[in-house]
């Protein structure tokens with residue numbers, strides 16, 4: 001088990017006494033100068049490292065930033081923040097990340113060690129529960145590389161395919177539409193959006209199982225959708241803690257969560273990507289389109305967890321009369337061959353959009369049906385590696 005210490009203000013009153021006490025209690029304590037140093041040489045199989053972070057100044061802005069950082073590195077680092085007294089709401093925000101806790105700077109070093117021991121015990125329990133359950137919750141983000149590439153269409157068709165395919169139809173599967181300005185998942189399924197983000201934004205603790213039930217839009221295929229009515233209001237205006245609470249509660253209920261991300265990246269987008277077990281980057285087979293897809297893949301690989309499975313879906317591909325994809329060699333030259341899925345251009349797609357009937361529910365889906373099924377099989381094969389042996 002690796003334990004690090006980062007003192008953000010060595011000259012502050014009290015820290016000169018606290019740090020030596022910690023060193024005396026923890027023989028192999030490693031001093032670092034920044035958070036990234038704790039990531040050096042990290043492997044998923046080792047589980048998270050523990051970072052004792054002394055923060056003499058516990059203002060709201062600092063704590064909010066640390067909560068975001070903890071969520072981003074939740075599988076790699078567990079943050080033990082040591083500092084002045086903080087508010088109950090700030091403490092809840094930290095704990096809700098699942099990767100941070102707070103302890104008073106005046107606490108005994110034994111209390112700090114007990115906190116770490118409890119976290120290890122919780123991980124052992126979670127690992128045992130996951131083994132007994134035989135499966136874990138899986139989150140897969142669909143990330144558009146450009147506007148109009150059919151990101152939502154693919155997420156919807158994959159979701160319906162999974163709910164109507166024999167191996168996965170008994171799983172609880174949902175789509176979370178995070179494109180608050182241009183949401184159209186519900187349009188594609190001819191159902192009403194019911195999620196009220198602003199209703200819980202001012203008070204995330206108000207969200208409970210009963211309210212979550214009200215927010216579900218249900219499709220006849222069995223697929224559930226969490227989507228808000230379209231609004232041109234600033235999508236960053238809502239409380240990000242409300243989004244965290246929503247996703248946490250959804251993760252407790254569903255086996256597979258498909259997340260439809262908007263084209264624009266907001267402050268919370270990297271957090272969503274880094275928390276995903278799988279990512280599908282969508283694009284089209286044009287020279288500008290492939291460049292945008294390659295650029296998006298680079299950003300996703302930088303943000304995604306090391307264990308995440310990443311695929312590319314090239315949408316609206318033209319097929320040759322005798323088989324094969326037109327200009328496939330262009331795609332392979334730019335993106336390679338690994339985990340690249342080609343989805344055919346299909347005239348019935350327009351009718352599907354206009355009627356709100358997914359193509360995967362049509363017997364005449366043809367080649368696009370096989371293409372979507374292949375992408376759905378990839379999603380079904382994504383495994384969650386969130387729980388790792390304690391290091």
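Table for the structure above
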item	result
Neighbour-count order for 382, 343, fewest beta carbons within 10 angstrom listed first	382, 343
Likely footprinting exposure, 110, 196, 245, fewest C-beta neighbours within 10 Å first	110, 196, 245
Highest-first arrangement of 170-177, 87-94, where packing means the average Cβ count within 10 Å	170-177, 87-94
Ranked packing of 69-81, 24-36, most packed first, by mean Cβ within 10 Å	69-81, 24-36
Residue 84 versus residue 299: modelled label distance in nm, points set 7 Å from Cα along the beta carbon direction	3.7
Cα-based helix-to-principal-axis angle, 15-25 vs the chain, degrees rounded to 10	80
Helix 109-133 vs. the chain, principal-axis angle (Cα, 0 to 90°, nearest 10)	30
Relative contact order (%) - the range 269-340, alpha-carbon pairs under 8 angstrom, separation at least six	37
The range 147-182-the range 16-41 distance, computed between alpha-carbon centres (Å)	44
Tilt relative to the chain, helix 151-164 - C-alpha long axis, 0 to 90 degrees, to 10	80
Residue exposure sequence - 9, 187 - by fewest surrounding Cβ within 10 Å	9, 187
Relative contact order of the chain, defined on C-alpha pairs under 8 angstrom at six or more residues apart (%)	19
Part-to-part distance (alpha-carbon centres) for the range 254-297 and the range 79-121, which is given in Å	33
Protection proxy ranking, peptides 113-121, 152-160, average beta carbon neighbours within 10 Å, highest first	152-160, 113-121
Potential lengthening between residue 333 and residue 8 on full extension [0.36 nm per residue; Cα-Cα distance subtracted]	112.4 nm
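The numbers here are math on the coordinates, done by the rules we state, and not lab data. Because the structure is predicted, anything quoted here is derived from the model rather than measured. Using ideal geometry, Cβ is built from the backbone for each residue, glycine included, and neighbour counts are taken over all protein chains shown.
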